[in-house]
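Written below as structure tokens is the structure these notes are about.
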Amino acid sequence: MVPIIIPNTLKVKNLFTPLLSFGFTLISATFAQAQVVTIPVETAHNALVLQSNVAKQLNAIYYGKKLSNAPEYSAIPDTYKQAEDYTGLYNAAYTAAGSRNLLEPAIAVTHADGNNSLDLRYVSHEVTKQGDDVSLLRIELKDPVYATNVTLYYKVYYKEDIIEQWSEIRNTEKGTITLQKFASANLNLKANSYWLRQYHGDWAREMQPEETQLTHGIKTLDTKLGTRINLFMPSVFMVSFDKPAGEDEGKVLYGGLEWSGNFKTDFEVDPQNNLRIISGINNYASPYELKSGESLTTPAFWYTMSDMGKGEASRNVQNWARDYKILDGKGQRLTLLNNWEATYFDFNETRLSGLLKDTKSLGVDLFLLDDGWFANKYPRNSDHTGLGDWEENRTKLPHGIASLDKEAQADGVKFGIWIEPEMVSPKSALYSKHPDWVIKQPQREEYYYRNQLVLDLTNTQVQDFVFHTIDSLFIKAPGLAYIKWDCNAVIYNAYSVHLKNKQSQFYVDYVNGLYKVLKRIRAKYPTVPMMLCSGGGGRVDYGALQYFTEYWPSDNTDPLERIFIQWEYSYFYPAIASSNHVTDWGKQPLKYRIDVAMMGKLGFDIVIDKLSAADRKFSQDAVKIYDGVKQIIWHGDQYRLADPRTGSVASVMYVDASKSSGVMFNYLVNSRYGEGSPTPFKLKGLDAVKRYKLQEINLYPGSKSGIDSERVYSGDFLMKIGFNPAVNTSRSSVIVQINEVK
Ligand code: DGJ
């Protein structure tokens, strides 16, 4: 160990140990009897630095670019000449309520004796390496007066610059304690100004961005909907520092909660002009009791920071998601034909046989049977009936899904099915048989969202029912290759018969019940692709996506709208997870619709036999073209070239890891006279010294491209000068394939 002097007001002599484990350094300091411990949590480019001070209070002293000399992190606090904060707690790593704290807490506890105070002091920490790229830091905190212990977890994904943070709260008192607040994470950031990009929405209007400067006080993003929680707001956000970050410049932090239930994220600009971000499960109506010896583990809050703008931050998240979060993120996906918009509830076996043939002739992998295939006492012929009665409707499917499964196999395609297993229709046999399984207030009028109610997943019997519902589909149709899991209703009148006098645990236990079912399904069916749908994009988060291969961004499939919706999702989720279907929404030509759907996982939801011969041929060819570029889209790096919110053309490209192949999508988003792409778009992510040819693909039969596919460009030229896809009102959608010339 090498003693070095660190300039700080304590004038402590610091001792540091060399790197303990990938991503973490321990620096300890002695000062009289007290000890200062500095814990830098390092990723490839950044460091989050925690420090236990002489009083053993754990503070977050820095989050930003990492230093080459780790012991110097201790000097950072001295560079700030901010006013006295009266508490010494403004930058607490996990702010406890009820003692000296004056700001928003991360944790608030009522002890067995009714006392509301909590004070958390550093006890110890430990790092475990979980792989080449992944380490886990645990920091133990303890209240010196009450027997409440908290462990803070920091899981570091070194290469991706991502940290996941969560807490575990343990009651070691003799009696029961109540957690009034139990956040996952508490960040502290310093800049001159902070710019929040947040999202709001509604059905068919997901991911609408708003960007504003944060002012002093608290701005809260939250949801209290219980299920379909992102209907009005997802938990993902960005914060830019000093000015709104650009695509390739500026400092920006992305974050989101891995939780499919109520969340709350507070952004507090404190009296010293620092930004405190506190995120976790929403404590709304949810004081959570812990008996002696019990603990609660909160969901992870993920975050990443980039000094190189939004593009790099989003590539960090997309890589991390594919490597670690989304089920089979590095695998393959199935293209499909879905019947929802083609038939709605009105189909029979003859119609479905035709659609299976259409699936084959279109050239996609799978036929997805949507809503309407089930229930007999109250047949599912509209959205008013049948949810919960998951047996095939005998009129529509007299031979059941087993026969559809066989027919699909005979036709050389795969078969998938829609289900909404968390829900129940008031008109259903399930509701009559198990009214106590339904979430509703016993003495109040029922209130419906899409004419339905939610089942009580806090109840293990309901969990079993949902698991067996899914299991029975696979038992009946062993070739079943895909599930679309829908969730259309929010929770009104939150009340669980099962929870009795523990109603305040309802919202948390619901989500844990859902995750238990999904875990069981995945234990038995580890790889079958499942789409996470919620009346559109009502439930898209990394808590759920560990069980799903893809999500449904929105029922709004108007391609013009989708360009904007998919653009915003892409900041937080990789293209491989975005299910994009070609439908009849919107006024754009078929080519435009298909081109937009290609920027993710392609599917169709149109009546194939109503297409003209030319459109049909074009669609078949488009599927083949997509098959040729889909690996680049799914597994490559994404670069945004032209923002549809600031110009008339949207341009996005994907490049494979070797920088040899790419694909560039360009769309006109403003059809006023003369709009188009008068100037080139600078390509990104290529190799400056490689040479490339660019060729327009997916042309509509009979149309010719003006793009010279024989011309050779250097990567240097394409990235400094750019390429003009010549978008205009008669070429409103242009896809360009980029291939290295060897
Ligand atoms: C909502 C989904 O978002 C749609 O794609 C469709 O599956 C319907 N539910 C079916 O009820």
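Could you compute the FRET efficiency for SER99 and ASP627, with r as their C-beta to C-beta distance and R0 at 60 Å, rounded to 0.05?
Values: r = 62 Å, r/R0 = 1.03.
Calculated transfer efficiency: 0.45.
Placing +1 on the Cβ of every Lys and Arg and -1 on the Cβ of every Asp and Glu, with nothing else charged, gives the chain a dipole about its Cα centre of roughly 660 debye.
Computed from Cα positions, the angle between helix 309-320 and the longest principal axis of the chain comes to roughly 80 degrees. With a Förster radius of 25 Å applied to the beta-carbon distance between SER714 and ALA191, the computed FRET efficiency rounds to 0.05. In this rough spin-label picture, where each label sits 7 Å from Cα along the Cβ direction, the HIS200-LYS219 distance is 1.2 nm. Residues whose amide H comes within less than 5 Å of that of VAL582, counting only those at least five positions distant or on another chain, are GLY603, PHE604, ASP605 (H built at 1.01 Å from N in the peptide plane).
Full extension of the chain between GLN695 and GLU168 yields a length gain of 184.3 nm, computed as 0.36 nm times the residue separation minus the alpha carbon distance.
Would you mind estimating how fast region 90-325 diffuses translationally, via Stokes-Einstein at 20 °C and 1.002 mPa s with the Kirkwood radius over Cα pairs, in µm²/s?
116 µm²/s
Taking GluC sites (Glu not before Pro) across region 263-369, the ones in a DSSP loop with at most 16 further Cβ atoms lying within 10 angstrom of their Cβ are GLU294. Could you give the angle, 0 to 90 degrees to the nearest 10, between helix 400-411's Cα long axis and the longest principal axis of the Cα atoms of the chain? Computed tilt is about 70 degrees.
Projecting the Cα atoms of PRO644, ASN728, MET664 onto the dipole axis of region 638-740, where Lys and Arg carry +1 and Asp and Glu carry -1 at the beta carbon, places PRO644 farthest toward the positive end.
Working note: 222 nm ellipticity from helices only, DSSP H runs with n ≥ 4, each -39,500 (n - 2.57), summed and divided by the residues of the chain, gives -5500 deg cm²/dmol to the nearest 500. Of the residues GLN213, PRO553, VAL156, the one whose Cα sits farthest toward the positive end of the charge dipole of the chain, with +1 on the Cβ of Lys and Arg and -1 on the Cβ of Asp and Glu, is VAL156.
Using a cutoff of 8 angstrom between alpha carbon atoms and counting only pairs six or more residues apart, the relative contact order for the chain works out to 9 percent. Farthest towards the positive end of the charge dipole of the chain, among the residues LEU362, TYR515, TRP166, is the Cα of LEU362, using unit charges on the Cβ of Lys, Arg, Asp and Glu.
Cβ-Cβ distance of ARG351 and TYR525, R₀ of 30 Å, FRET efficiency by 1/(1 + (r/R0)^6): the value works out to about 0.60. Computed with a 1.4 Å probe over protein heavy atoms only, the accessible surface of region 90-325 comes to 32 Å² per residue.
With axes computed from alpha carbons, what is the tilt in degrees of helix 506-524 against the longest principal axis of the chain, rounded to the nearest 10 within 0 to 90? With both axes taken from Cα atoms, the answer is about 60 degrees.
Beta bridges per DSSP, both residues in the chain: antiparallel share near 85 percent.
Of the cross-linked pairs LYS243/LYS682; LYS591/LYS617; LYS65/LYS243; LYS440/LYS502; LYS601/LYS684, those separated by over 19 Å at the C-alpha level are LYS243/LYS682; LYS601/LYS684.
Solvent-free Debye calculation, one equal scatterer per alpha-carbon of the chain: log10 I(q)/I(0) at 0.07, 0.08, 0.09 Å⁻¹ equals -0.53, -0.69, -0.87. Accessible surface for THR298 stands near 10 Å², nearest 10, in the context of the full protein assembly shown (1.4 Å probe). One decimal place: the segment LYS433-LYS516 gains 27.5 nm when fully extended, by the rule 0.36 nm per residue minus the C-alpha distance.
Of the trypsin sites (Lys or Arg not before Pro) in region 83-131, the ones in a loop by DSSP (not H, G, I, E or B) with at most 14 other beta carbons within 10 Å are ARG100. Gain on full extension, evaluated as 0.36 nm per residue between ILE721 and GLU294 minus their Cα-Cα distance, stands at 147.5 nm.
Provide the percentage of antiparallel DSSP beta bridges, counting only those with both residues in region 410-522; round to the nearest 5.
45 percent
Net charge dipole, region 90-325: roughly 340 debye, given to the nearest 20, about the Cα centre with Cβ charges of +1 for Lys and Arg and -1 for Asp and Glu.
The values are calculated or read from the model by the stated rules, or taken from the named source; none is laboratory data. All values derive from a computational prediction rather than experimental measurement. In this analysis, Cβ positions are derived from the backbone assuming ideal geometry, glycine residues included, and neighbour counts consider all displayed protein chains. The area values use the complete protein model at the heavy-atom level, side chains included, leaving out ligands, DNA and RNA. Shrake-Rupley method; radii C 1.70, N 1.55, O 1.52, S 1.80 Å.
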